[in-house]
Amino acid sequence: MTQASLPPIHVLGCGIGRPTLPPEAAAALDAAEVLVGGRRLLAAFPDHPGRRLPIAGPLTAVCDALADARQAGENVAVLADGDGLYFGIGKTLLARFGPQALRFYPNVTTVAVACSRLGRPWDNLPVVSLHGRSDATPLFAALARHGAAAVYTDAANSPAAIAAALLHRGGDAFTMTICENLGLPDERLRRLPLPEAASAETTSLSLALIERTAPPTVPLHLGLGDDALSRDDAVFTKAPARAVSLAALAARPGQMVWDIGAGTGAVALEASLLCAPGPVFAVERDPARHAHLVANIQRTGALTVCPVLAAAPEGLEALPDPDRVFVGGGLSGNPGLLPELCRRLAPGGRLVVNAVLLGSLTSALDVLAAHGLETAVTQLQAARAMPIAQDLRLAADNPVFIIAAAKEAAHG
């Protein structure tokens with residue numbers, strides 16, 4: 001058979017709970033000689049005479065079997081949870097076979113049913129799938145921007161695990177509605193404060209709806225005031241140096257940023273606005289400053305900032321390679337740090353270093369040149385008006401050298 005004459009693969013959205021198929025999808029199911037789906041969906045059609053192909057393990061093998069069945073001229077029906085094109089198998093099938101080889105039959109989704117049960121409009125509700133995923137950054141990005149998200153869960157990313165992670169990152173200014181077994185006789189919906197959700201037992205068919213209940217204490221924006229953040233000392237990147245450093249960093253949406261020696265998080269918080277929905281790993285070794293960092297993430301709602309209590313460079317091993325790195329200081333006592341950052345920086349990445357000492361400036365330029373990074377240096381001297389008598393005087397901040405370095409992009 002030519003590709004054009006091969007029968008299409010029918011992808012049947014089964015809705016929620018017990019599968020209910022509209023007439024056209026039911027006809028495609030009746031005509032199927034090969035029935036593909038997860039074990040739960042296959043079990044919902046015990047009398048179907050077709051050959052059964054369970055979806056288990058790598059999808060590549062399943063797609064290979066689908067291709068063989070189609071090449072043999074067999075009619076194939078794939079059973080999909082909810083709607084196959086909504087966080088379902090449809091995307092994988094499209095990547096393998098293309099739209100001309102597939103016929104899709106839409107059905108109701110878990111999100112639609114959950115919102116209908118709750119009487120909540122969902123046209124502006126972000127939806128995130130953590131099913132089979134280990135990175136919760138998309139969820140944190142959605143919550144940081146919209147204050148709400150629906151989340152597809154799995155055994156590892158259960159509602160309880162998600163609530164615990166959000167408590168650590170964003171505090172308790174959220175509630176979670178856990179929607180279990182929608183469309184089945186034991187359907188249950190529970191709206192819980194995060195501390196209660198973090199200990200809740202749930203079934204495997206669970207959707208979590210997370211909503212912010214109180215606005216951030218400090219609205220997150222570029223140019224945060226120096227007195228806006230929780231801190232114990234004056235050791236932080238002040239607003240003028242922060243603005244120039246972030247401009248030199250030139251973070252783009254979706255990129256991964258490291259803030260090394262993050263302190264209480266002044267740079268990391270604002271960088272999260274520039275690289276969203278990408279993550280910012282804020283690495284701080286001092287426990288007291290790290291505690292302030294966590295508090296500042298919670299009070300600003302900068303949920304894509306991941307606080308890391310660790311010394312650098314030792315504590316960087318477990319982190320993914322960055323596209324952008326900011327170092328606020330401390331190089332003079334840590335000679336191994338900058339070479340490691342140059343090595344880990346992704347091709348085409350940028351690294352920005354703030355230095356106050358001339359010795360730190362000289363040694364940093366030497367290291368960057370030795371690793372083939374192109375550099376530019378800006379010396380920033382800022383002064384602020386302060387009241388004196390019945391007038392104002394200018395009080396100068398310490399001069400700062402802002403070193404911007406670029407790594408050559410990969411060729412190929």
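The values are calculated or read from the model by the stated rules, or taken from the named source; none is laboratory data. Worth saying up front: this structure is predicted, and the values here are computed from it rather than measured. Quick reminder, even Gly has a Cβ in these numbers, built from the backbone with ideal geometry, and neighbours come from all protein chains shown. Accessible surface areas use protein heavy atoms only, side chains included; no ligands, DNA or RNA. Shrake-Rupley method; radii C 1.70, N 1.55, O 1.52, S 1.80 Å.
Worth pointing out:
- Single match in Ser199, Ser230 (criterion: open to solvent by 50 Å² or more (accessible area, probe 1.4 Å) and either in contact with a helix residue (DSSP H, G or I) (Cβ under 7 Å, 6 or more places away or on another chain) or in contact (Cβ under 8 Å) with a residue 40 or more places away in the chain (or both)): Ser199
- Residue in region 303-312 that is within 24 Å of Ala376 (Cβ to Cβ) and not acidic (Asp, Glu) present: yes
- Only residues that are crowded, with 18+ Cβ neighbours inside 10 Å and under 19 Å from Asp83 (Cα atoms) were counted in region 128-148, giving 2.
- Output for region 91-106, where each listed residue is of a type outside the set (D, E, K, R) and surrounded by fewer than 20 Cβ atoms within 10 Å (Cβ to Cβ): Thr92, Leu94, Ala95, Phe97, Gly98, Pro99, Gln100, Ala101, Leu102, Pro106
- Here is the figure for region 344-376: residues that are surrounded by fewer than 17 Cβ atoms within 10 Å (Cβ to Cβ), over 33 Å from the mean Cα position of the chain (by Cα) and outside any loop (DSSP other than H, G, I, E, B) total 7.
- Picking from residues in region 179-189 that are open to solvent by 50 Å² or more (accessible area, probe 1.4 Å) and among the charged types (D, E, K, R), the one that is farthest from Ala150 (Cα to Cα) is Asp186.
- The set of residues in region 388-412 being assigned to a strand (DSSP E or B) and either open to solvent by less than 100 Å² (accessible area, probe 1.4 Å) or touching a Lys or Arg at 6+ places or on another chain (Cβ under 6 Å) (or both) consists of Ile388, Ala395, Ala396, Val400, Phe401, Ile402, Ile403, Ala404, Ala405, Ala406.
- Selection of strands (runs of 3 or more DSSP E) fully inside region 59-133 by the criterion of at least 1 residues being without any contact (Cβ under 8 Å) to a residue 60 or more places away in the chain and either in contact with a helix residue (DSSP H, G or I) (Cβ under 8 Å, 6 or more places away or on another chain) or under 18 Å from Leu29 (Cα atoms) (or both) returns 127-129.
- Some residue of region 378-386 being outside any loop (DSSP other than H, G, I, E, B), of a type in the set (Gly, Ala, Ser) and under 20 Å from Arg242 (Cβ atoms): yes
- Residue among Thr109, Thr20 that is modelled with pLDDT of 95 or more and open to solvent by 10 Å² or more (accessible area, probe 1.4 Å): Thr109
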